[in-house]
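See below for the structure under consideration.
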Amino acid sequence: MKNYSQKTNLTFIILLILGMACQQQSEPAVPQLENVPNEVLDQLDALGFNSNEVKLYDGTLFIEGDIAIKMVDLKDLRQGNRLPVEEHYNTDNLVSGSPRTINVYVNMPQKYKDATDIAISRYNTESLDLTFQRVSSSSSADITITASPWYYYFFGILGSAGFPTASGDPHNQILMTRAYYDGVSNINGLATTIAHEMGHCIGFRHTDYMDRSYSCGGAADNEGDGGVGDNYIPGTPSGPDANSWMLACGNPEGDRPFTSNDQIALDYLY
Ligand SMILES: [Zn+2]
């Protein structure tokens, strides 16, 4: 999920630059985005992405704000075949083999484990075919939650994830930005972002897919098909859902438990 406001980033950048001037550190103050090669932009266009909305840094493409796809994995994206409409969506790839238990390992401080437990209980309360459980060992993990790289804060990324694999496994990594959440006072806000990233891992796209300006502000923008499918979930409304957990943007303290439409979407897929 992406932070809805970039103002704090600017403040942080200024403070960091001031701090670095004092400390004579060699780390660059602001990450320099890399140019996305034209052939990659063409490929993303062909896949249905809005190529104006793509960032590239450290070999990773950031799409829709918080979907992190490594350049080397780009070839694995499949072109979807449906035109986007608003509301709840899923990717072409879903987690298969249900009923299935998905093990989540949190390699972060206790606050993140507590928030993950809240997110897990939100899913498990829905009595889905997927059951989540937190495990204490990375060796049995299906999804590992760990700290994001330092530059996530500059990009306004609260947390990132990816989509299920073509073979039906959940995406295996969630990266959370500690600069946003270490000091958060509302643990449910942290739980909401973790639940959001878990939603991507099992195949949910953004609820305001058609126009991210709904939750992110700014100019109207269509995220495009994205090459991973944007299949409309029957029974969910045709307009953006005001409090959906899968809105593209939020703020660190904001709690968005599942709405009735979110519950319909979860129950439909799993
Ligand atoms: Zn997201």
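Give me a count of the residues in the stretch 116-172 that are of a type in the set (S, T, N, Q) and under 25 Å from C216 (Cα atoms). It would help to see each step written out before you state the result.
To start, the set of residues in the stretch 116-172 that are of a type in the set (S, T, N, Q) comprises 116, 121, 124-125, 127, 131, 133, 136-140, 144, 146, 148, 160, 165, 167, 172.
Next, only the ones that are under 25 Å from C216 (Cα atoms) stay: 116, 146, 148, 160.
The number of residues fulfilling the criteria is 4.
Which pairs do you get when a residue that is acidic (D, E), found in the stretch 172-201, comes within reach of a residue that is outside any helix (DSSP H, G or I) and within 14 Å of the ligand (Cβ to nearest atom), reach meaning Cβ atoms under 8 angstrom, with the pair 6+ apart or on two chains?
E197/M1; E197/D66; E197/G159; E197/S160; E197/A161; E197/I174; E197/M176
Checking the conditions here, which among F154, F132 is aromatic (F, W, Y), touching a residue at least 40 places away in the same chain (Cβ under 8 Å) and within 17 Å of S96 (Cα to Cα)? Can you show your working first?
On the way: F154 fails: within 17 Å of S96 (Cα to Cα).
Testing whether each residue is aromatic (F, W, Y), touching a residue at least 40 places away in the same chain (Cβ under 8 Å) and within 17 Å of S96 (Cα to Cα) leaves just F132.
Going residue by residue through the stretch 84-91, is there one that turns out to be assigned to a strand (DSSP E or B), closer than 20 Å to P252 by Cβ and in contact with a His (Cβ under 8 Å, 6 or more places away or on another chain)? Let's see the steps before the verdict.
The initial filter retains those residues of the stretch 84-91 that are assigned to a strand (DSSP E or B), namely 89-90.
Subsequent filtering for residues that are closer than 20 Å to P252 by Cβ retains none.
Looking through the stretch 84-91, none of the residues is assigned to a strand (DSSP E or B), closer than 20 Å to P252 by Cβ and in contact with a His (Cβ under 8 Å, 6 or more places away or on another chain).
Looking only at the stretch 41-72, how many residues end up being at pLDDT 65 or above and more than 24 Å from F154 (Cα to Cα)?
Narrowing the stretch 41-72 to residues at pLDDT 65 or above: 41-46, 51-72.
If we keep only those that are more than 24 Å from F154 (Cα to Cα) as well, we get 42-43, 45-46.
Looking only at that region, the number is 4.
The values are calculated or read from the model by the stated rules, or taken from the named source; none is laboratory data. It should be emphasised that the depicted structure is a prediction, and the values quoted were computed from it without experimental measurement. Note that we place each Cβ from the backbone using ideal geometry, even for glycine, and neighbour counts take in every protein chain shown.
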